[in-house]
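Remarks on the structure that follows.
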Amino acid sequence: YWTPGQWREKGPEAREIADHELGWDITDFGKGDFNAFGLFLFTLRNGALETADDPGARNYAEKIMIIRDGQMTPMHFHFNKTEDIINRGGANLVIKVYNADENDGLADTEVSVQMDGVTRKFPAGTEVLVGPGESMTIPSRLYHAFWAEPGHGQSLAGEVSRVNDDHYDNRFQQPIGRFPEIEEDEEPLHLLVGDYEKYYPYAKKRG
């Protein structure tokens, strides 16, 4: 909630917020059509992949995601992260699932996932409905795309996972842009995680 001016004045005591990209984030996945392909989220907790196995290190993450009616997060998997996606309320969440094959493509093999602690098996490409209060555990290297069921409004989803690293741990089936290019017509009131390196002198320069 700090303004850009307040961020410019912060010292190294605030580095964890910037280094672990805590806070607000928004993306259109480089497609330029936010209503069709996009996600609005807030990262509450996160660690770093390079220290995730160290005793005492934060090796988990938590997010809240606001998903518009019919708005899709495209097909992808994570090399390291296992996550639980939890429908916290609103519309049903639709999650389409595939195993990854040895070439990181979509496999045609049966998919096995945990849903609220119960093992469920689905044919490749099944669109699984996850209702309010329900969840799905998505292991690493399981392709998934998700969206709020069209015609039923928004969905509020929670994510509890191992460390989240959107720079190095995501593999999208089709190449996309994870972080948006924003044309600013005035200084922002509050920052997105992608803004930290512009305003906070101690932020990592990610190039």
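The values are calculated or read from the model by the stated rules, or taken from the named source; none is laboratory data. Every value quoted in this text rests on a predicted model; they were computed, and no experiment measured them. Here Cβ is always computed from backbone atoms with ideal geometry, including for glycine, and neighbour counts include all displayed protein chains.
A count restricted to the stretch 12-43 and to residues that are out of contact with any Ser or Thr (no Cβ under 7 Å at 6 or more places or on another chain) and either within 24 Å of Met75 (Cα to Cα) or assigned to a loop (DSSP other than H, G, I, E, B) (or both) stands at 18.
Rundown of residues vs (1) under 16 Å from the mean Cα position of the chain (by Cα); (2) over 22 Å from Ile66 (Cα atoms), yes/no style:
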site: Pro12; (1), (2): no, yes
site: Glu16; (1), (2): no, yes
site: Lys31; (1), (2): no, no
site: Phe37; (1), (2): yes, no
site: Thr43; (1), (2): yes, no
site: Leu49; (1), (2): yes, yes
site: Asp53; (1), (2): no, yes
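Based on this model, can you work out whether Ala124 counts as touching a residue at least 40 places away in the same chain (Cβ under 8 Å) and touching a Phe, Trp or Tyr at 6+ places or on another chain (Cβ under 8 Å)? The answer is no for Ala124. Of the strands (runs of 3 or more DSSP E) entirely within the stretch 73-117, those holding at least 1 residues that are free of Cβ contacts under 8 Å to residues at least 24 places away in the same chain occupy 111-115. Restricting the stretch 143-202 to residues that are assigned to a strand (DSSP E or B), under 12 Å from the mean Cα position of the chain (by Cα) and among the polar types (S, T, N, Q), the residue that is modelled with the highest pLDDT is Ser161. The number of residues in the stretch 44-57 being part of a loop (DSSP other than H, G, I, E, B) and either crowded, with 19+ Cβ neighbours inside 10 Å or out of contact with any Ser or Thr (no Cβ under 8 Å at 6 or more places or on another chain) (or both) comes to 8.
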